[in-house]
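The values are calculated or read from the model by the stated rules, or taken from the named source; none is laboratory data. Quantities reported herein were computed from a predicted structural model and do not represent experimental measurements. Here Cβ is always computed from backbone atoms with ideal geometry, including for glycine, and neighbour counts include all displayed protein chains. Remember, those area values only see protein heavy atoms, side chains included, never the ligands or the DNA or RNA. Shrake-Rupley method; radii C 1.70, N 1.55, O 1.52, S 1.80 Å.
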Amino acid sequence: MSMPQVSYWSAAAVRALPNDGKRYETVHGELLVTPAPGGFHQLLVMRLMSRLLRYLEFHGIEGVLTSPADLSFDQDTLVQPDLFVAELGAFIASGKWADIRALHLAIEILSPSSLRADRFTKRRVYQEQGVPTYWIVDPDNNQVEIWTPDTLFPTVERETLRWRHPAIADECLINVRELFAR
């Protein structure tokens, strides 16, 4: 199967690409392609997911998912955050990615192939969409960049990540050193 020669990518065009183990996304028509992540990347996803799940489940909330996911904010934007927290009621009922409209938290784990997309392209789209919190997890520097919709520069955390779901009074606390332990 030959791939179409497209310089502007819609979400529909990205969905039509073959399932070849790479992650395909588009942000404002720009195609983003990243290879399958490495092992430590996946371990970080699982550690974060475990901590967020415990926090949410303790309060009776479902809401944590991982990629692959087809989150589309408009016809030329489709992203697949490594991990995210969202309102899942409509999604659970329908099973359709289109029913996830509001993210509470988006998380990307940096790798050499995703650095530019995660730090610039996807960060901007999450900010434009009003995602309240975006974490960029940087395993090379054992730190997490915390972005909000109105920030020009991130807060960098090396000790304790703090995040609060809008329906929960207390915070989820994640020890950053434990997160990156090898």
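State the percentage of accessible surface on segment 25-182 attributable to carbon and sulfur atoms; use a 1.4 Å probe and exclude ligands, DNA and RNA.
Exposed carbon and sulfur together represent 53 percent of the surface.
When the chain is fully extended, how far beyond the present Cα-Cα distance does Tyr8 get from Ala90, taking 0.36 nm per residue of separation?
Stretched fully, the Tyr8-Ala90 segment lengthens by 26.5 nm.
Cα axis of helix 39-58 to longest principal axis of the chain: angle in degrees, 0 to 90, nearest 10?
Its long axis makes an angle of about 60 degrees.
Sorting Phe120, Phe73, Phe153, Phe180 by accessible area (1.4 Å probe), largest first, what list results?
Phe153, Phe120, Phe73, Phe180
Could you sort Lys22, Lys96, Lys122 by their accessible area in this structure, using a 1.4 Å probe and putting the largest first?
Most to least solvent-accessible, the answer reads Lys96, Lys22, Lys122.
I'd like to know which of Phe40, His59, Pro18 lies farthest towards the positive end of the charge dipole of segment 9-77, counting +1 on Cβ of Lys and Arg and -1 on Cβ of Asp and Glu.
Of Phe40, His59, Pro18, it is Phe40.
In percent, how large is the relative contact order of the chain, given Cα pairs closer than 8 Å and 6 or more residues apart?
In percent, rounded to a whole number, it is 15.
How high is the relative contact order of segment 71-162, given as a whole-number percent (alpha carbon pairs under 8 Å, six or more residues apart)?
20
If all Cα-Cα distances of segment 46-153 are sorted into 5 Å bins from 0 onward, what percent lands in each bin, rounded to whole numbers?
Binned Cα distances yield the sequence 2, 11, 23, 25, 21, 12, 5, 1, 0.
Determine the calculated [θ] at 222 nm for the chain from helices alone, applying -39500 (n - 2.57) to every DSSP H run no shorter than 4 residues and normalising by the residue count; nearest 500 deg cm²/dmol.
So the helix-based figure for the chain works out to -6500 deg cm²/dmol.
Tell me the per residue accessible area of segment 7-67 using a 1.4 Å probe; a whole number in Å² is fine.
That works out to 53 Å² per residue.
Compute for the chain: radius of gyration divided by Kirkwood radius, i.e. Rg/Rh, restricted to C-alpha atoms, rounded to two decimals.
Ratio of gyration radius to Kirkwood radius: 0.95.
If you average the C-alpha positions of segment 140-182 and of segment 22-58 separately, how far apart do those two centres end up, in angstrom?
15
Debye sum, Cα scatterers, segment 3-73, no solvent: what log₁₀ I/I(0) at q = 0.15, 0.16, 0.25, 0.26 1/Å?
Debye curve over Cα of segment 3-73, log10 I(q)/I(0) at q = 0.15, 0.16, 0.25, 0.26 Å⁻¹: -0.66, -0.72, -1.10, -1.14.
Note the direction-averaged projected area, equal to a quarter of the hull surface, for the Cα convex hull of segment 55-116, in nm².
That works out to 5.0 nm².
Hey, got the dipole for segment 99-159? About the Cα centre, +1 on K and R Cβ, -1 on D and E Cβ, debye to the nearest 20?
Computed about the Cα centre, the dipole is about 220 debye.
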